[in-house]
Amino acid sequence: MTTILVTGATGFIGKRLVPVLLEQSMTVRAMTRHPETYSGPGDPVFADVHDPKTLTEPLAGVDVAVYLVHSLDDPDFERKDADAARAFGAAAAAAGVKQIVYMGGLGDDHDTLSAHLRSRREVEGLLGEAGVPVTVLRAAIVVGAGGISWELTRQLVKNLPAMVVPKWVSTRTQPIAIDDVIRYLAGVIGRTEAFGRVFEIGGPDSMTYLEMLQVAAKIANGRSIPILKVPVLTPTLSSYWLALVTDVDVTTGRNLIDSMGIEVVVTDRAIEELVPGAPISYEESVRLALADA
């Protein structure tokens, strides 16, 4: 039986992935810093990616490790995430892990990437530095209850009768439903043809952030909301604005906003050859997320 270690098992993606893997008759270790309070499925194990000596025991006997860790709420997140990825990759190699699966971010490598997306790229390389094949799924905004980017959207259209927004709302992105993310993650685990490969994943709709907000408003409120674009609204001011009208903290908001001026759309659909199936539309993903809130 295949043994899977899921890091971030209590997080937005991890808590949805663990039960799906168990349904596929896999043995799943749910890695958390607080196993004593873990109430989800799978076997809870203690480890902290920022403390390398804690990684040996949970990785022993593991076939595939799913890495779902990042530190966007920390001002020094680039260094912290790089150190953690390097340590995790080394511990996985020492344990004989056959594959690491990682959720990265969409974006053209030729563009000037934001610190957030640049860090995601760096982590991709560092996880495999010690020799374990890494499978990367790169996504833009994941739509689902509890996801940070979706919560920004949901709370903005819920809390504001009108919006003054920065120019990044005109940037194109390609949102994806959380159910499709889980389907793709489960679909690449243990697949040798996915080893060492990068896959782009997204829903069927390429759209601007402005269009995303309007669609979400119509579904959530039954009407669109007036939106005025202001080109001089800086990332710093935007992050304080988000912290004022949503429950996303300033540091996380700033790190996300820095990425929103960069177009992040799918240019390669190779994942559909490995994991076939039509992805959920943005409208349907919004309805599902609202129903799950």
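For the range 6-91, what is the Kirkwood hydrodynamic radius in Å, using each pair of distinct C-alpha atoms?
Working: mean 1/r = 0.0753 Å⁻¹.
13.3 Å is the Kirkwood radius here.
Cα to Cα, under 26 Å, and not fewer than 8 places away if on the same chain: which lysines meet these conditions relative to Lys15?
Lys53, Lys80, Lys98, Lys158
Can you tally the net charge around His50? Count Lys and Arg as +1, Asp and Glu as -1, for every other residue whose Cβ sits under 9 Å from the Cβ of His50. Working shown, then result.
On the way: positive: Lys80; negative: Asp48, Asp51, Asp83.
For residues surrounding His50, the net value is -2.
For each of Thr208, Thr56, count neighbouring Cβ atoms within 10 Å of the residue's Cβ, then give the residues from fewest to most.
Numbers: Thr208 15, Thr56 12.
By the 10 Å Cβ count, ascending: Thr56, Thr208.
In nm, what is the difference between 0.36 nm times the number of residues separating Ser39 and Glu129 and their Cα-Cα distance? Could you put the intermediate results ahead of the total?
Details: separation 90, 0.36 × 90 = 32.40 nm, distance 3.37 nm.
Length difference between fully extended and current span is 29.0 nm.
Ordered by residue, what ³J(HN,Hα) values in Hz, to whole numbers, does the range 10-20 give under the Karplus form 6.51 cos²θ - 1.76 cosθ + 1.60, where θ = phi - 60° and Gly and Pro are x?
Per-residue couplings from phi come out as 9, x, 3, 8, x, 5, 8, 6, 3, x, 5 Hz.
Coordinate-derived values only; no laboratory data. Every value quoted in this text rests on a predicted model; they were computed, and no experiment measured them. For neighbour counting, all protein chains shown are included, and Cβ atoms are generated from backbone atoms with ideal geometry for every residue, glycine included.
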